[in-house]
1. Go through the range B:142-156 and give me each residue that's more than 18 Å from A:Ser285 (Cα to Cα) and either more than 13 Å from chain A (Cβ to nearest Cβ) or in a helix (DSSP H, G or I) (or both).
2. Does A:Ala77 qualify as being under 30 Å from A:Pro43 (Cα atoms) and either touching a Gly at 6+ places or on another chain (Cβ under 6 Å) or crowded, with 24+ Cβ neighbours inside 10 Å (or both)?
3. Read through the list (1) modelled with pLDDT under 85; (2) within 25 Å of B:Ile87 (Cβ to Cβ), then give the number of the only condition that B:Ser283 fails.
4. Just for helices (runs of 4 or more DSSP H) wholly inside the range A:183-277: which have at least 1 residues that are crowded, with 17+ Cβ neighbours inside 10 Å?
5. Exactly one of these conditions fails for B:Ala139: (1) of a type in the set (A, V, I, L, M); (2) within 14 Å of chain A (Cβ to nearest Cβ); (3) out of contact with any strand residue (DSSP E or B) (no Cβ under 8 Å at 6 or more places or on another chain). Give me its number.
6. Looking at this structure, is A:Ala125 modelled with pLDDT of 90 or more and of a type in the set (A, V, I, L, M)?
7. From the list A:Val86, A:Val74, exactly one residue is within 21 Å of A:Val311 (Cβ to Cβ) and within 17 Å of the chain's Cα centre (by Cα). Which is it?
8. If you take the residues in the range B:197-212 that are in a strand (DSSP E or B) and of a type in the set (A, V, I, L, M), which one is surrounded by the fewest Cβ atoms within 10 Å (Cβ to Cβ)?
Amino acid sequence: MTSAPLPSPPQTRWAQAALPLGLALGVLALAFFALGVGAVPTPPADLWAALSGQPGEAADLTRRLVFDLRLPRVVAALLGGAMFAVSGTILQAVVRNPLASPDLVGVGAGAGLAVTLLLLALPDAPGWLLPWGAALGAWGAFLAVLALARDGARLPPVRLALLGVAVGAACTALGQVVLLRASDHLGGALAFLAGTVYGADWARVGRALPWALTLLPAAWLLSRRLDLLALGENMALALGHRVTLGRYGTLLVAVGLAASAVTLCGVLGFVGLVAPHLARLLAGSLHGRTLPVSALLGAGLVLAADTLGRVLSPPLEVPAGLITTLLGAPYFLYLLQRTAR
Amino acid sequence: MTEPIPPRPLEASHLTLGYGEQAILSDLNFALRGGAVTSLVGANGCGKSTLLRALSRLLAPSGGSVMLDGQDLHRLNAKEVARRLAILPQGPVAPEGLTVEQLVWFGRHPHQGFLGGRSEADRAQVAWAMSQTGMTAFAGRPLEALSGGQRQRAWIAMSLAQSTPVLLLDEPTTYLDLSHQLEVLELVQRLNREQGKTVVMVLHDLNQAVRYSDELVAVQGGRVYAQGDPAELMTPELLRDVFGLKAHVLQDPDTGRPHIIPYAVARVLPPQAGGLGSPEFMSQTGP
C-alpha cells in the first residue's frame, strides 16, 4: 500500500468496441487487396467495377476470376484462421496451459488422418461427412494425448505440448504412408491437408461453413464458462459452475472448430497458438472480449500469410501454413522455454 | 445487507472423507454455530483443509453427509449452494491481466442467468463487496499489480459478492506478512459482527485463531478432538494431544483470552503427521 490508488481508466462501450471494429476493418481492407492479387493482377478500379456489378465483357471476366477462384480462397483463409484461433483460445483456457493449441494437442493431425482414411474407404463420400469424420479423428487423437500426458490428476503444461506434438507427428506420418499407397488422384485431392488454402473452392468452403456458423457463436456464448474454468477447478466449483459439463461442452466446440477447419485448409501451424496470445495481450483475459479479437486476428494472420505466399515469388505459391509455421515456431520455442522454467 | 442467521448452517453427520481408498477423516459429527466465527485448527496434515473442502462441496464425502440449512449439501444444485455458501480455496490464481473489478464480478455468477445479464442488484453487490474490503480504489488494477494483502482482499471481495450467509476461508492469511494477516482477520471479524456472516476458516496460528474466533474445532487423528469456546478449549493438555506441543497458556492482557507460548515438542510424532512444532509450523508458512 505504498503507492496511492489510481483511478481506473473509463472503459466506455465505445472504447471496448473500437478494437474489434478496427481489426474487422483492417481484415476487410486486406481481403479487398488480396482479391486483386494473382497471376493476372486486377487493379482496384477494375476490381471495384466487377464487385459492384457493372456490365461489360472485361468486368464479366474479372467477376468470374474473382468469384470462382479468388473469393473462395480468401473466405477459406478467413474462416480457417478464425476457427483455429478460437479453438486455440478455448483450449488454452480449459487446460489452463499457454502452450495449448489445436495443432499442438494432436487435434489437427488426428483430424487430417481421419479425413485421409475416410476418403480412402469411401472415395465418393459426400462433403458434409468429412467434418464429422475429422471431428471423430480429432477426438481420438486428443483423448490419446490427454491420457498419455496425464500425471495423476495433473496435466503438466510442457508434457501436454510435447506429447501432443509427438502424437500429431505420428498421425501425420501415418496419413502420409496411407497416401503413398493410395491413388494419385486422392493424393492430389488431399494435398491441402499440409496447410494451404491454395485451390480452395466453394465446395470446400461449403463443408466447413455450417460448422463455423454454429460453433463460432457458440464459443462466444460460452465465454463466461471459459472465464470460470480459467480461474481453476476449485474456484469454478466454488462459484457454482458445473466444471465437468463446462469442460466437455467447451472442448466439444474447440475440437469441432479445429477439425472442420482441417477439412477446409489442412493444419495451419501455430495460428491457434499465436492468435489467442496476441488477443489476450490486446483485449485482456475475459473471453467475451478475447474471443472475437482472437478470431479476427487469426483470420487476418492467415489471409496475410496466404497473400504474402502468393506475391513472394510468383508463379510459385508458398503455402499459408508454411508461413504461419515459420512465424509461430520461434514464439512456441520462447513459450516452451518460459513455461518449462 | 445483513443476512438472516440460520441457527445451524452447517452440520456434519457420520462424515467420512478421503482421497481414493484411504480415509483421512472418519465418522465426524458436529454442527457449526450460525452467526459465529469458527476456526478449524490442528496439525499439518490432520485433514482440516480436507474438512473445509467437504463442508463446501469441493470434495464429495466417501460416507455420511454434510447438511446445509438442513439439506444435503452434495445433492443440492451447484449454483444453489454457491448462493448460500462461499468458499475461498487456498492460494487461488487469476489469469494474467484480470482486474479487481472483473474478479469481483465472478462472485455474481451464481446469481446470473445463462447469458450473464447484469442487474442493478448485481452492480450494487459488487460495489458493496469492493467497498467492504477497501478495494474500490483498486477496481481497475490488474491483480498482479497488487500487494499480497490487497490481492487476498480482492479474492475475499469476490466471495462477498456472492452474498452468502456463510463464508468459508481456507488459510486466508498464508503467505502474508503479519500486518496483512491481521488486516485480513480484522476484515473477517468486521464482516461477522456487522453483516452477521457465519465464517468458518482454517488457521495455522493458534493465537490468531483464539483471538478472532468465537469457537474452535480442534482436529486430530482423523476426528474432532474438541469443539468449543477458545477460552475453555486452549489447555496445555489439548496443545499436547493435538499439536504435540508443550506450552504455557497465559491470559492475553488485551482480550482476556488464552495466549499460548509453546516451549518444547511434547513427543516425537509419526512422520506422516507432518512436522509438528517444526520451524515451518512455528513460522506459519503454508504446508
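The values are calculated or read from the model by the stated rules, or taken from the named source; none is laboratory data. None of the values given here were measured: they were computed from a predicted structure. Note that each Cβ is placed from the backbone with ideal geometry, even for glycine, and that neighbours are counted across all protein chains shown.
1. B:Gly148, B:Gly149, B:Gln150, B:Gln152, B:Arg153, B:Ile156
2. On the way: under 30 Å from A:Pro43 (Cα atoms): yes; either touching a Gly at 6+ places or on another chain (Cβ under 6 Å) or crowded, with 24+ Cβ neighbours inside 10 Å (or both): yes.
So A:Ala77 fits the description; yes.
3. (2)
4. Values: elements: A:184-189, A:202-221, A:223-230, A:233-238, A:243-265.
Counting at least 1 such residues, we get A:202-221, A:223-230, A:233-238, A:243-265.
5. Going through (1) of a type in the set (A, V, I, L, M); (2) within 14 Å of chain A (Cβ to nearest Cβ); (3) out of contact with any strand residue (DSSP E or B) (no Cβ under 8 Å at 6 or more places or on another chain) one by one, B:Ala139 breaks only (3).
6. Values: modelled with pLDDT of 90 or more: no; of a type in the set (A, V, I, L, M): yes.
So A:Ala125 fails the test.
7. Numbers: A:Val86 fails: within 21 Å of A:Val311 (Cβ to Cβ).
The match here is A:Val74.
8. Going through the range B:197-212, the residues in a strand (DSSP E or B) turn out to be B:198-202.
Right, trim to of a type in the set (A, V, I, L, M) and you get B:199-202.
Values: B:Val199: 23, B:Val200: 27, B:Met201: 26, B:Val202: 25.
Checked the range B:197-212; the qualifying residue surrounded by the fewest Cβ atoms within 10 Å (Cβ to Cβ) is B:Val199.
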